[in-house]
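A short write-up of the structure that comes next.
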Amino acid sequence: MSNRKYVMYAFFIITGLLFMVRLFYLQVIDDSYKLSAENNVIRTIRLHPPRGLIFDRNNNLLVFNQPAYDLMVIPKQITNLDTAAFIDLFGISQDYFDKQMVKAKDGYFYYRATPFIKQIRKEDFARIQDQLFRFPGFYFEKRILRDYTHRSGANVFGFIGEVSPDQVKENSKLRNGDFIGKAGIEKSYETTLRGEYGVKRIMVDKLNREKNAYKEGLYDTLPEPGKDLTTTIDIAIQQYGEQLMANKRGSIVAIEPATGEILALVTSPSFDPNLMVGRDRNRNYSKLYVDSINKPLYDRALLAEYPPGSTFKVVNALIALQEGLITPSSTITCFGAYRVGNLRVGCHCPSGTSIHLRNSISKSCNTYYCTIFKKIIDKYDTPQLGMDAWQNHVKSFGLGGFFGNDLSTGRKGFVPDGAYFDRAYRSTKWKSLSTVSLGIGQGELVVTPLQLANLTAIVANRGFYYTPHIVKQINNKPIDDPHFTKPKFTTVAPEHYDEVVTGMWDVFEVGTARGSRLESISMCGKTGTAENPHGQDHSIFIAFAPKDNPKIAISIIVENGYWGSRWAAPIASLIIEKYLTGEISRPALEQRMLDGNLRDEYNKQLVKRFGPQMVSQHERE
């Protein structure tokens, strides 16, 4: 019995000691409970870090920060609120006030600070801040908004927007009301640009006025600014490309072949990036989003997919050379069409023309390329094996897959293989003639404008490319990711490229783009026309310059632009001249491209698909 008594004594003594130790820790060592108890006189302010700045490749500032303020509310601290005076001071409606108050009082938000009015500009803040003491429970929290030095490049930079509830759940560093990148560079480099949030605790009096830092800032943390980005974009070329594409739909992608750096990424129509800043952002975004005719939020340079048309003939020429099926001197006689049985593919070459590799490119002979494509497929034991071998070559040019680059969006296009045609024809008995349209860049094959520009860079480099990318430096430190700095080689040997390059040079000298030739710059190109089932065909052109040691590779697509030499080739030659020389020596050609307007073509397409009332509505908007 006595032993049990001592055990009980020991239990109570140990328990008492534990309580004393815990009480000493809470009262003397750990101030967190004291801090929590004093929350009614301490305001915790979240410090938003300045987002990193964005520059172009020549260190021109493109995106910077401007201060703005969110009016925050803690419903539990609201006392004797003069609603009429509040509404008058902030210029809001009664309906807006009621909705925001209901939202703020919902659940646990009743005890926490939530945004009541967002993105108040500094001009309005200066007018309002001295009156806020009249409204206990409300205070300002400073935040950072974006600003843009140019009205171009909206698809490149992207924009920031408010986080969704799911994003808050997934990332403990975010809270409701925070803004993160939603598109473009702002999205793909969000964690780099955002930085780290800080915290500041301020003592306030009973009139809601800030007094001084709590415990002299002992619990405060400074925000860590985001990192600055130097992009690969040349803003002068980006702007010029957007001007040339005014009143047209399509895209321009320009790449530096020696590095894979994207010089311009134009989509048209586009929008002013400053529309995505401030309290009108949501309204502006809604207008852009519902514009189903122009689709200004749709990045055609990265997301649109087209048949490459005759621009793809350079790839089939290289594959045929690699497979040993032709030599530069091999000839085919064109009789104005490619004919086998009931199949006929028209060609604009005069009947009886002798075609070899070099002039097959400058004359864009369909007969030549249907013939060599059939040879490629028929070289193997079955069409399926031939198609698989062809696909393997094509994919080595960066087509039919994702680049895995630093852009926020993209499509992979499509390059068919043998199994695809087995499914399409529900049989394994199909022949090479069933797929001959692939020889001239039509049929099932589709590519994106970015892929087409990269293909051009490959030819310019004579057989290799660097993954196209949009950022050059982070905080002035060059990127060193081998995915961007290590070259990728095609399956075609380097020695096969020279004759193809010479043929592309002939395109400007004596071929389909001779009207866009420039004496002072040796340019290489290839025209293309992509069939469009919904209206006039698309105008396509690829080019690089100079012929030796090229500095720029470019793809142009003008939707409903008829043929490659009409719109795309002149625009490409102007951009090349502007980039390499800094000026334009052909003002008449430039003015014709600037004034070019294809809205009538687009209206015809609308009438065909939706009726005349759609055009009338579109014109009113």
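Observations on the structure shown:
- Flagged links, alpha-carbon separation over 27 Å, of Lys363/Lys547; Lys248/Lys486; Lys142/Lys211; Lys374/Lys486; Lys103/Lys215; Lys76/Lys142: Lys248/Lys486; Lys374/Lys486; Lys103/Lys215
- Of (1) 58; (2) 40; (3) 20, the label for percent of Cα pairs over 42 Å apart derived from the coordinates: (2)
- The range 121-207: relative contact order as a whole-number percent, Cα under 8 Å and 6+ apart: 25 percent
- Applied to the range 118-125, the Karplus parametrisation 6.51 cos²θ - 1.76 cosθ + 1.60 on θ = phi - 60° returns per-residue 3J(HN,Hα) values of 9, 6, 7, 6, 4, 5, 6, 4 Hz, with x for Gly and Pro.
- Overall form of the range 44-230: prolate. Here a/c, set by the Cα gyration tensor axes a ≥ b ≥ c, is 1.5 or more, and a/b is the larger of a/b and b/c.
- Summary value for the range 374-431: 31 percent relative contact order, contacts being C-alpha pairs under 8 angstrom separated by 6+ residues.
- Mean separation of Cα contacts under 8 Å, 6 or more apart, over the residue count of the chain: relative contact order %: 13 percent
- For the chain, size of Cβ-based charge dipole, Lys and Arg +1, Asp and Glu -1, in debye: 1240 debye
The numbers here are math on the coordinates, done by the rules we state, and not lab data. Computed from a predicted structure; not experimentally measured. As a convention, Cβ positions derive from the backbone with ideal geometry for all residues, glycine included, and neighbour counts pool all protein chains shown.
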